[in-house]
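Chemist: So that we are looking at the same thing, I have put the structure below in structure tokens.
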Amino acid sequence: MQSVKHIAIIMDGNGRWAKKQGFLKRIKGHEVGATRVRELTIHASNIGIKYLTLYAFSTENWKRPKAEVTFLMSLLEEYLKKELPLFLDNNIRFETIGDLSKLSSSLQNQVALTKEKTAHFTGLTQVLAINYGAKDEMIRAMNKAIKVGKELSEESFDALLDTKNMPPVDIMIRTGGDKRLSNYLLWQSAYSELFFTDTLWPDFSNEELDSMIEKFRKIERRFGGLT
Ligand code: FPP
């Protein structure tokens, strides 16, 4: 049986969900999506997952209408403020990946505070990918190596990535029907099992996650070798 340490999710379909429900604004989908983040995090923690990495805002998402970008940024800040007890009560550590330097200073401060207050927890680590793009992450890592004139190995490259110290992704999930990785954890998902579902993110249930984990456990992973 395969053990599941790291699950990564591309939470797609919020806008379509809002439209389907008859809401006039796409942002309602993000708002309900944030409540799914909360519920799924508790569930992942309860079933013993070690890392849950969620694509909250990509390096490409800045191209969205300004009002939506502003809404997403304030939703993230509100989420961190509101959900601190969720982390504290459930032994959940908070981490991020992505280039935070482009975020407002109040969001950066909230991120830093949440990390600081949860750094000692040993259960699930919830990782939010904020202003994250795999290409950007890899370029930043390579530039760090160039600066010190260092030749890279797989191990030393790993250690320069935002995901340093995290295990590779076991299960990569994308909701919302599209079948692509959209610049998400490209290095870390080299041997991930990929799960694509038509379910829109706000409808993604704990049970659907459980059935993906069940399927994963039955898959034989050979990592390029033979068994
Ligand atoms: C994609 O749906 C989703 C995003 C770009 C943002 C993800 C954000 C959340 C789930 C909510 C906030 C998260 C946290 C952690 C509080 P889309 O808008 O592209 O949907 P569409 O494809 O239907 O238009």
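Chemist: Any idea which residue in the range 1-31 is modelled with the highest pLDDT, counting only those that are part of a loop (DSSP other than H, G, I, E, B) and of a type in the set (Gly, Ala, Ser)?
Modeler: Among residues in the range 1-31 that are part of a loop (DSSP other than H, G, I, E, B) and of a type in the set (Gly, Ala, Ser), the one modelled with the highest pLDDT is 13.
Chemist: Of these, 216, 223, which one is part of a loop (DSSP other than H, G, I, E, B), more than 16 Å from the ligand (Cβ to nearest atom) and over 16 Å from the mean Cα position of the chain (by Cα)?
Modeler: That would be 223, the only listed residue that is part of a loop (DSSP other than H, G, I, E, B), more than 16 Å from the ligand (Cβ to nearest atom) and over 16 Å from the mean Cα position of the chain (by Cα).
Chemist: Test of understanding: among 42, 9, which residue is more than 21 Å from residue 164 (Cα to Cα), more than 8 Å from the ligand (Cβ to nearest atom), among the β-branched types (Val, Ile, Thr) and touching a Leu at 6+ places or on another chain (Cβ under 8 Å)?
Modeler: On inspection, the qualifying residue turns out to be 42.
Chemist: With the requirement that a residue be open to solvent by 40 Å² or more (accessible area, probe 1.4 Å) and either hydrophobic (A, V, I, L, M, F, W, C) or within 11 Å of the ligand (Cβ to nearest atom) (or both), what does the range 50-62 give you?
Modeler: Residues satisfying the conditions are 60, 62.
Chemist: How many residues does the range 151-182 contain that are surrounded by 12 or more Cβ atoms within 10 Å (Cβ to Cβ) and more than 18 Å from the chain's Cα centre (by Cα)?
Modeler: 5
Chemist: Here's another thing I want to ask about it. Test each condition in (1) within 19 Å of residue 205 (Cα to Cα); (2) within 8 Å of the ligand (Cβ to nearest atom); (3) open to solvent by 40 Å² or more (accessible area, probe 1.4 Å) for residue 47 and report the one that comes out false.
Modeler: That leaves (2) as the condition not met.
Chemist: Please determine, by comparing only the residues of the range 15-27 that are open to solvent by less than 80 Å² (accessible area, probe 1.4 Å) and farther than 14 Å from residue 69 by Cβ, which one is farthest from the ligand (Cβ to nearest atom).
Modeler: This residue is 22.
Chemist: Please enumerate the residues belonging to the range 131-150 that are outside any loop (DSSP other than H, G, I, E, B) and open to solvent by less than 70 Å² (accessible area, probe 1.4 Å).
Modeler: Residues satisfying the conditions are 131, 132, 134, 136, 137, 138, 140, 141, 145.
Chemist: Can you tell me which of (1) within 11 Å of the ligand (Cβ to nearest atom); (2) out of contact with any Ser or Thr (no Cβ under 9 Å at 6 or more places or on another chain); (3) open to solvent by 20 Å² or more (accessible area, probe 1.4 Å) is the one residue 36 doesn't meet?
Modeler: Checking residue 36 against (1) within 11 Å of the ligand (Cβ to nearest atom); (2) out of contact with any Ser or Thr (no Cβ under 9 Å at 6 or more places or on another chain); (3) open to solvent by 20 Å² or more (accessible area, probe 1.4 Å), the one that fails is (2).
Chemist: Restricting to the range 116-130, count the residues that are crowded, with 18+ Cβ neighbours inside 10 Å and without any contact (Cβ under 8 Å) to a residue 24 or more places away in the chain.
Modeler: The qualifying residues number 0.
Chemist: Now for a different question. Looking at (1) buried (at least 21 other Cβ atoms within 10 Å of the Cβ); (2) in a helix (DSSP H, G or I); (3) within 12 Å of the ligand (Cβ to nearest atom), can you tell me which one residue 87 breaks?
Modeler: Every listed condition holds for residue 87 apart from (3).
The values are calculated or read from the model by the stated rules, or taken from the named source; none is laboratory data. Because the structure is predicted, anything quoted here is derived from the model rather than measured. So basically every Cβ, Gly included, is an ideal-geometry build from the backbone, and we count neighbours across all protein chains shown. Remember, those area values only see protein heavy atoms, side chains included, never the ligands or the DNA or RNA. Shrake-Rupley method; radii C 1.70, N 1.55, O 1.52, S 1.80 Å.
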